[in-house]
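One structure is given here, and the rest of the page talks about it.
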Amino acid sequence: DITERKIAEKQSETIASDLRKLIDTANAPIFGIDTRGMVNEWNQKAAEITGFGKEEVLGRCLVKEFISAEFKQSVQMVLNNALQGHNTANFEFPL
């Protein structure tokens, strides 16, 4: 039934919007990368901490352009593991 489908679509849109707001306004920096390491998510707290706005970082390589030399290798390893589905607990690095 088309009505049920429209209701389900509206519910999905509402959930997606709520999740975007939650990520964007979180009190912790949240960023995302694609499988090539390019930034595809950057919340307000990440922008506040780094001084780089979302528009400035989207599509750019996180490790190559935003991680200091001393942390590049370890950050790249953790991100590679994450992209393969392996967790790393309590890993911190400066942005």
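Yes or no, residue by residue, for (1) modelled with pLDDT of 90 or more; (2) of a type outside the set (Ser, Thr, Tyr); (3) in contact with a Cys (Cβ under 7 Å, 6 or more places away or on another chain):
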{"site": "ASP1", "(1), (2), (3)": "no, yes, no"}
{"site": "LYS21", "(1), (2), (3)": "yes, yes, no"}
{"site": "GLY37", "(1), (2), (3)": "yes, yes, yes"}
{"site": "PHE52", "(1), (2), (3)": "yes, yes, no"}
{"site": "ILE67", "(1), (2), (3)": "yes, yes, no"}
{"site": "MET77", "(1), (2), (3)": "yes, yes, no"}
{"site": "GLU92", "(1), (2), (3)": "no, yes, no"}
{"site": "LEU95", "(1), (2), (3)": "no, yes, no"}
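Could you say whether any residue in the range 38-49 is surrounded by 10 or more Cβ atoms within 10 Å (Cβ to Cβ), in contact with an Asp or Glu (Cβ under 7 Å, 6 or more places away or on another chain) and not in a loop (DSSP other than H, G, I, E, B)?
yes
Considering the range 67-86 alone, what residues qualify as being of a type outside the set (Val, Ile, Thr), assigned to a helix (DSSP H, G or I) and within 24 Å of LEU19 (Cβ to Cβ)? Matches in the range 67-86: LEU79, ALA82, LEU83.
Of all residues in the range 18-43, those that are of a type in the set (Ser, Thr, Tyr) have Cβ atoms under 7 Å from Cβ atoms of residues that are at pLDDT below 95 and open to solvent by 40 Å² or more (accessible area, probe 1.4 Å), 6 or more apart or on another chain, in THR35/LEU83.
When GLY32, GLY59 are checked against the criterion of being in contact with a strand residue (DSSP E or B) (Cβ under 8 Å, 6 or more places away or on another chain), part of a strand (DSSP E or B) and open to solvent by less than 90 Å² (accessible area, probe 1.4 Å), GLY32 stands alone in meeting it.
The values are calculated or read from the model by the stated rules, or taken from the named source; none is laboratory data. For clarity, every value in this text was computed on a predicted model and none was experimentally measured. All Cβ positions, glycine included, derive from the backbone under ideal geometry; neighbour counts span all protein chains shown. Heads up: the accessible areas ignore ligands, DNA and RNA and are worked out on the full protein's heavy atoms, side chains in. Shrake-Rupley method; radii C 1.70, N 1.55, O 1.52, S 1.80 Å.
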